[in-house]
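Taking it in order: structure first as structure tokens, then the write-up.
The values are calculated or read from the model by the stated rules, or taken from the named source; none is laboratory data. As the structure is a prediction and not an experimental result, all values here were calculated from the model. Reconstructed Cβ throughout: ideal geometry from the backbone, glycine too, with neighbour counts over all protein chains shown. Each accessible area value is taken on the protein alone, full model and side chains, heavy atoms only, with ligands, DNA and RNA left out. Shrake-Rupley method; radii C 1.70, N 1.55, O 1.52, S 1.80 Å.
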Amino acid sequence: MRAFELESVEAIDQAVSHRRVHDGEAFIAGGTTLLDLVKLDVMQPEKVVDVSRLPLKRIETLEDGRLKVGALVSNTELAKHEIVMRDYPVLSEALLSGASTGLRNMASTGGNVMQRTRCPYFRDPAMPCNKREPGTGCSAIEGINRNHAVLGTSEHCIATHPSDMCVGMVAAGATLVLEGPDGQREVAFEDYHLLPGDSPEREHDLKPGELITHVILDAPRSGGQHYLKLRDRASYEFALASCAAIVNLDGDNISEVRLALGGVATKPWRADAAEAVLKGQPATQENFEQAAEAAFNDAVAYSHNGFKITLGKQAIVRALRDATAAARG
Amino acid sequence: MAPVIRPSTGVGFCTPGAQAEIAERPNAASGEHSDTRRITLTVNGEQHDLHVAPNAVLLDVLREQLGLFGTKKGCDHGQCGACTVHVNGRSVNSCLMLACLQEGAEIVTIEGLAESAGFEQGHHPVQAAFLEHDAYQCGYCTAGQMMTAAAVISDDSIDGDETSLREALSGNICRCGAYKNILDAVQSARGKMRGGQ
Ligand SMILES: Cc1cc2nc3c(=O)[nH]c(=O)nc-3n(C[C@H](O)[C@H](O)[C@H](O)COP(=O)(O)OP(=O)(O)OC[C@H]3O[C@@H](n4cnc5c(N)ncnc54)[C@H](O)[C@@H]3O)c2cc1C
Ligand code: SF4
Ligand code: FES
Ligand code: FES
């Protein structure tokens, strides 16, 4: 692994002021994305700033009912927190479907938001990749793209966003709290990750020097929730297609619904077109299928990943079925 | 009496003399960086004062600086679990962990697993069950399997049914495919350690 300087910080303002001075710096929390990619020479920080000891490890309920999660809460703790299991089961299930017991013990909430794509060309510095080296071209579009996205792609990049947690958060609704040299700001979780467009190297709305300090989950939505993840093996594998669903019923009709998709899109994907089809309609298999069609209306398949459109639709139908069953109690 | 599992000397080769030599080379674990940090690591109950490169991962420090070869390097990228150790009681992948960040932590490796839980060295119920159930072929993944198993067994939030255990153990890959016997061993050790729970 290439050499880097290491600096530990104990206070948030220290962490933030650090990065104002230098480019080429990276934070480290759990290290499960950063060290993986430094070993591959995909990320090349000259200096690594250790934020793992910052006081951002608490989960607390705010007066307005929202849940404030510190950026350093581990994926295990968040998934198994009693309030999360009770009020945000879709998020707990999404977290527990990701990685492995050991990795979830290490992975932080902020680091999970910031994890990078698993596109094999991105992970191989010998290959052209617009995300890693802007302007070199995309090896996946004409290459092996079975794991790549069908939604939100551009002619410059078709990489899938790999996170399960983020899909659960999009469904549950959340806000990111960012602290930077110019103070604090908040960004809606859904707006944080960016589409690749013509600048796939820009993946999110984090300004130089900013640190994610918290994720605030919306006040719990009542109703039934479910996260379904479909993949090549039953565990310890990234999603080929996943769906987070929250369904509220008024009698037999769907009064509220939130749907988010993973494994098929370039960012954690809110399936609003599918939600619009379902709202106010009876919770039937036929309507679920129509919603699934709507979700993939604009999908673009590449040479090896067309199956994801079918799989993604099935994920939506099944997740809706299970969330509806949960809503009925 | 159950046989004693001795800490493996690893696929590498290291005479005690060579180990001492490596331990004196401050940046053995990275080989690339001249600046080292002084840190104190508590491993298997013992404190070690070490000079460690900023980019040294815990796995390399355990093996190359402390001569604890029981913990294995499989993939070096979080994809196999061979490097699993306990940090503050939780199983973690030591290949993706900077050693410098572990100052003050309680680290347990396979060499100290039994004693950390109050058993004689090599006599942790998980170790005994792996022997009894023949839960390995080449043995390369075994230390990691046992470290994860021990953490999973003592975790109250993980149920003992087959589905829950298989899911909780899935981060440990076995190239030899000894999964069935591994699962049997873990279930048997769990039964012994937790009774009917
Ligand atoms: C083998 C393997 C399998 C995996 N499988 C899955 C899976 O199935 N599903 C899934 O969702 N994920 C999976 N992951 C990814 C894993 O969830 C992420 O690596 C992890 O969440 C990253 O968190 P971390 O704390 O380790 O991040 P780090 O590696 O410490 O940091 C990651 C990035 O975020 C930045 N960063 C960290 N904290 C902050 C902060 N507070 N503010 C701003 N920037 C920050 C760092 O600079 C770095 O660039 C897998 C990973 C591995 C290695
Ligand atoms: S899909 Fe994106 S990340 Fe993968 S090679 Fe193309 S540009 Fe790079
Ligand atoms: S060596 Fe650490 S997970 Fe494979
Ligand atoms: S026993 Fe050979 S890898 Fe598991």
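For residues in the range B:157-184 being more than 16 Å from ligand 3 (Cβ to nearest atom) and not in a helix (DSSP H, G or I), which is farthest from A:Ala234 (Cα to Cα)?
So the residue we want is B:Ser157.
This table checks each residue for (1) away from ligand 2 (no atom under 16 Å from the Cβ); (2) in a loop (DSSP other than H, G, I, E, B); (3) open to solvent by 50 Å² or more (accessible area, probe 1.4 Å); (4) in contact (Cβ under 8 Å) with a residue 12 or more places away in the chain.
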{"position": "B:His77", "(1), (2), (3), (4)": "yes, yes, no, yes"}
{"position": "B:His86", "(1), (2), (3), (4)": "yes, no, no, yes"}
{"position": "B:Val92", "(1), (2), (3), (4)": "yes, no, no, no"}
{"position": "B:Gly122", "(1), (2), (3), (4)": "yes, yes, no, yes"}
{"position": "B:Gln127", "(1), (2), (3), (4)": "yes, no, no, yes"}
{"position": "B:Leu131", "(1), (2), (3), (4)": "yes, no, yes, yes"}
{"position": "B:Asp134", "(1), (2), (3), (4)": "yes, yes, yes, yes"}
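Please find, among A:Ala29, A:Ala71, A:Ala79, A:Ala94, the residue that is within 12 Å of chain B (Cβ to nearest Cβ) and in contact (Cβ under 8 Å) with a residue 40 or more places away in the chain.
Of A:Ala29, A:Ala71, A:Ala79, A:Ala94, the one residue that is within 12 Å of chain B (Cβ to nearest Cβ) and in contact (Cβ under 8 Å) with a residue 40 or more places away in the chain is A:Ala29.
Taking A:Ile59 as meeting all but one of (1) closer than 28 Å to B:Gly89 by Cα; (2) surrounded by 22 or more Cβ atoms within 10 Å (Cβ to Cβ), write down the number of the exception.
Every listed condition holds for A:Ile59 apart from (2).
For the range B:85-129, how many residues are within 13 Å of B:Val61 (Cα to Cα) and small (Gly, Ala, Ser)?
Result for the range B:85-129: 2.
I'd like the full set of residues that are more than 14 Å from chain A (Cβ to nearest Cβ) and either away from ligand 4 (no atom under 16 Å from the Cβ) or within 19 Å of B:Thr71 (Cα to Cα) (or both), limited to the range B:130-169. Lay out the reasoning, then the answer.
Of the residues in the range B:130-169, the ones more than 14 Å from chain A (Cβ to nearest Cβ) are B:130-140, B:142, B:160-161.
B:Phe130, B:Leu131, B:Ala135, B:Tyr136, B:Gln137, B:Cys138, B:Gly139, B:Tyr140, B:Thr142, B:Gly160, B:Asp161 - these are the residues of the range B:130-169 that are more than 14 Å from chain A (Cβ to nearest Cβ) and either away from ligand 4 (no atom under 16 Å from the Cβ) or within 19 Å of B:Thr71 (Cα to Cα) (or both).
Could you check the range A:23-110 for helices (runs of 4 or more DSSP H) lying wholly inside it with 2 or more residues that are among the polar types (S, T, N, Q)? Steps first, please.
Numbers: elements: A:34-39, A:75-80, A:82-87, A:89-96, A:101-106.
In the range A:23-110, the matching helices (runs of 4 or more DSSP H) lie at A:75-80, A:101-106.
It is to be established whether one or more residues within the range A:171-181 are within 30 Å of A:Ala140 (Cα to Cα), at pLDDT 95 or above and under 12 Å from the mean Cα position of the chain (by Cα).
yes
Would you be able to tell me the number of residues in the range B:171-185 that are small (Gly, Ala, Ser) and within 16 Å of the chain's Cα centre (by Cα)?
1
Scan A:Arg86, A:Arg146, A:Arg132, A:Arg66 and give me the residue that is crowded, with 19+ Cβ neighbours inside 10 Å, charged (D, E, K, R) and either under 25 Å from A:Pro55 (Cβ atoms) or away from ligand 3 (no atom under 16 Å from the Cβ) (or both).
After applying the criteria, what remains is A:Arg132.
Conditions tested, residue by residue: (1) within 16 Å of ligand 1 (Cβ to nearest atom); (2) more than 14 Å from chain B (Cβ to nearest Cβ); (3) touching a residue at least 12 places away in the same chain (Cβ under 8 Å).
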{"site": "A:Gly137", "(1), (2), (3)": "no, yes, no"}
{"site": "A:Gly143", "(1), (2), (3)": "no, yes, yes"}
{"site": "A:Ala171", "(1), (2), (3)": "yes, yes, yes"}
{"site": "A:Pro181", "(1), (2), (3)": "yes, yes, yes"}
{"site": "A:Ala188", "(1), (2), (3)": "no, yes, yes"}
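Among A:Met85, A:Met127, which is more than 12 Å from ligand 1 (Cβ to nearest atom), hydrophobic (A, V, I, L, M, F, W, C) and within 14 Å of chain B (Cβ to nearest Cβ)?
Testing whether each residue is more than 12 Å from ligand 1 (Cβ to nearest atom), hydrophobic (A, V, I, L, M, F, W, C) and within 14 Å of chain B (Cβ to nearest Cβ) leaves just A:Met85.
Considering only residues that are in a loop (DSSP other than H, G, I, E, B) and surrounded by fewer than 19 Cβ atoms within 10 Å (Cβ to Cβ), which ones fall in the range A:172-185?
Scanning the range A:172-185 gives A:Pro181, A:Asp182.
Going by the structure shown, is B:Glu115 open to solvent by 10 Å² or more (accessible area, probe 1.4 Å) and at pLDDT 95 or above?
Working: open to solvent by 10 Å² or more (accessible area, probe 1.4 Å): yes; at pLDDT 95 or above: yes.
Here the answer is yes, as B:Glu115 does meet what is asked.
For the range A:1-17, name all the residues that are open to solvent by less than 30 Å² (accessible area, probe 1.4 Å) and either within 22 Å of B:Ala99 (Cβ to Cβ) or modelled with pLDDT of 95 or more (or both).
Pass one, the range A:1-17, residues open to solvent by less than 30 Å² (accessible area, probe 1.4 Å): A:4, A:6, A:9, A:15-16.
A:Phe4, A:Leu6, A:Val9, A:Ala15, listed by residue number.
If you take the residues of the range A:141-164 that are polar (S, T, N, Q) and under 14 Å from the mean Cα position of the chain (by Cα), which of them is nearest to ligand 2 (Cβ to nearest atom)?
Among those that are polar (S, T, N, Q) and under 14 Å from the mean Cα position of the chain (by Cα), it is A:Thr160.
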